[in-house]
1. Dipole size in debye (nearest 20) for the range 1-112 around its Cα centre, Lys and Arg Cβ +1, Asp and Glu Cβ -1?
2. Using Cα springs under 10 Å in a Gaussian network model of the chain, which residue among 100, 55, 16 shows the largest mean-square fluctuation?
3. Starting from the 7 Å offset along Cα-to-Cβ, what nm value, one decimal, do you get for the label separation of residue 62 and residue 27?
4. Measuring with a 1.4 Å probe in the full set of protein chains, what accessible area per residue, in whole Å², belongs to the range 5-111?
5. Where nothing but the Cβ of Lys and Arg (+1) and of Asp and Glu (-1) is charged, how large is the charge dipole of the range 32-82 around its Cα centre, in debye to the nearest 20?
6. Measuring from centroid to centroid over Cα atoms, what is the spacing of the range 1-39 and the range 92-111 in Å?
7. Can you list the aspartates and glutamates whose alpha carbon is less than 17 Å from that of residue 96, not counting same-chain residues fewer than 8 positions off?
8. Could you work out the relative contact order of the chain, using alpha carbon pairs under 8 angstrom and six or more residues apart, expressed as a whole percent?
Amino acid sequence: QVQLVESGGGLVQAGGSLRLACAASGSIFSINTMGWYRQAPGKLREFVANIRSGGGTNYVDSMKDRFTISRDNAKNTVYLQMNSLKPEDTAVYYCKLFMGAVEYWGKGTLVTVSS
């Protein structure tokens, strides 16, 4: 049974920073992709960034200058460093693990950015 647990969300003022973490547990293949998505109130879930086990990354263009994704393969953990946060970054941030053609999702962590 694969489980993903996100942490690090919270309330931050505009211009501030947060670092999200997502720890995967269970039977984790060495080759996989981990990523972050977010869903703002009343909006569809959207892709933020992902990172392959080899280190290759992808970002949505609108966030790549402020957000940095990284991972620790030994800990099966992915991080999202978010800087210069804006009120429009307010959302539930979800972690996704893709391996063996299967997607696994965490329950999300809420990020609220106040103006």
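The values are calculated or read from the model by the stated rules, or taken from the named source; none is laboratory data. Small disclaimer: the values here were computed from a predicted structure and weren't measured. Because the Cβ atoms are built from the backbone with ideal geometry, glycine has one as well, and the counts that use them run over all protein chains shown. We work out accessible area using only protein heavy atoms, side chains counted, and drop any ligands, DNA or RNA first. Shrake-Rupley method; radii C 1.70, N 1.55, O 1.52, S 1.80 Å.
1. 80
2. Answer for the Gaussian network model of the chain: 100.
3. 3.9
4. 52
5. 100
6. If we compute the Cα centre of each part, the gap is 7 Å.
7. Residue 96 reaches 6, 46, 72.
8. Working: 282 pairs, mean separation 42.2, N = 115.
In percent, rounded to a whole number, it is 37.
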